[in-house]
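Below: one structure, written as structure tokens.
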Amino acid sequence: MSSSEVSLRFLDEAPEFSPAVLDALRQPLESGLVVLSRAGGTARYPARTTLVLAANPCPCGRAVGKGLDCTCTPLARRRYLSRLSGPLLDRVDLRVEVLPPVGAQRLGALEPGGAEPTAVVAARVAEARARAAARFQGLAWRTNAEVPGRELRARWRVRDARAVEEAVLRGVLTLRGADRALRVSWTLADLGGRQQPSAADVALAVGLRLSATGAAA
């Protein structure tokens with residue numbers, strides 16, 4: 001993979017992986033590089049990726065809704081989810097809680113497919129990426145995800161970032177998380193065709209980081 005390519009990786013049942021293996025992903029997620037240092041020198045390999053992690057709420061996977069069918073103890077649940085460490089989750093931009101299983105009564109009422117055709121969504125994403133690329137024309141970056149935090153705050157300061165500032169003050173968002181939320185707010189603005197992230201974009205970006213702990217993307 002060249003340094004300009006971005007791969008997609010999906011880890012299902014992520015808490016079942018060794019915590020040491022999961023935490024080894026922290027630096028590649030941060031820098032887009034795998035760095036190997038030995039006595040003879042240091043080698044750097046491109047590793048920019050979109051990582052999707054999926055996790056059940058507990059080892060048995062049935063602690064949904066009221067959780068009446070769950071056979072796990074509270075301690076087992078905590079141990080299971082604690083395998084996804086805070087530093088690792090701090091590098092995850094979006095956290096989405098998956099809806100409970102669809103019951104038989106609702107199954108027949110579901111409309112086929114999604115709300116929008118894939119081609120429509122793909123076109124909107126392509127337009128958003130083109131807006132970002134135009135904003136960074138002549139610079140070293142092509143996407144919002146690549147922009148260093150210091151450059152993000154200096155060159156593309158968001159006018160209304162109160163949601164991020166308040167989350168940092170409350171201690172629910174780290175400074176790294178604040179930068180990541182601001183990047184997501186720029187992506188939301190690009191998707192909406194706006195020149196600058198709105199207060200609603202920033203609030204949504206923060207909410208997508210704090211909305212769930214059982215699933216991450």
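The values are calculated or read from the model by the stated rules, or taken from the named source; none is laboratory data. Not measured: the values here are computed from a predicted model. Positions of Cβ are backbone-derived with ideal geometry, glycine not excepted, and every protein chain shown enters the neighbour counts. Remember, those area values only see protein heavy atoms, side chains included, never the ligands or the DNA or RNA. Shrake-Rupley method; radii C 1.70, N 1.55, O 1.52, S 1.80 Å.
Yes or no: V202 closer than 21 Å to F136 by Cβ and open to solvent by less than 30 Å² (accessible area, probe 1.4 Å)?
Values: closer than 21 Å to F136 by Cβ: yes; open to solvent by less than 30 Å² (accessible area, probe 1.4 Å): yes.
Yes.
The residues of the stretch 107-124 that are at pLDDT 95 or above and surrounded by 13 or more Cβ atoms within 10 Å (Cβ to Cβ) amount to a single one, R124. Here's a check for you: in the stretch 24-40, which residue that is without any contact (Cβ under 8 Å) to a residue 12 or more places away in the chain and assigned to a strand (DSSP E or B) is surrounded by the fewest Cβ atoms within 10 Å (Cβ to Cβ)? Only one residue fits best here, namely R38. No other residue among A189, A145 is under 22 Å from R124 (Cα atoms) and at pLDDT below 95 apart from A145.
Checking the stated criteria, A181 turns out to be within 16 Å of the chain's Cα centre (by Cα) and closer than 25 Å to R26 by Cβ.
Every residue, every condition in (1) open to solvent by 70 Å² or more (accessible area, probe 1.4 Å); (2) under 26 Å from P28 (Cα atoms); (3) of a type outside the set (A, V, I, L, M, F, W, C), yes or no:
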| position | (1), (2), (3) |
| --- | --- |
| F136 | no, yes, no |
| R142 | yes, yes, yes |
| E151 | no, yes, yes |
| R159 | yes, no, yes |
| R162 | yes, no, yes |
| G193 | no, no, yes |
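Output the residues belonging to the stretch 125-145 that are within 17 Å of R180 (Cβ to Cβ) and free of Cβ contacts under 8 Å to residues at least 24 places away in the same chain. Matches in the stretch 125-145: W141, T143.
In the stretch 68-83, what count of residues is obtained for those that are open to solvent by 80 Å² or more (accessible area, probe 1.4 Å) and outside any helix (DSSP H, G or I)? Matching residues across the stretch 68-83 total 4.
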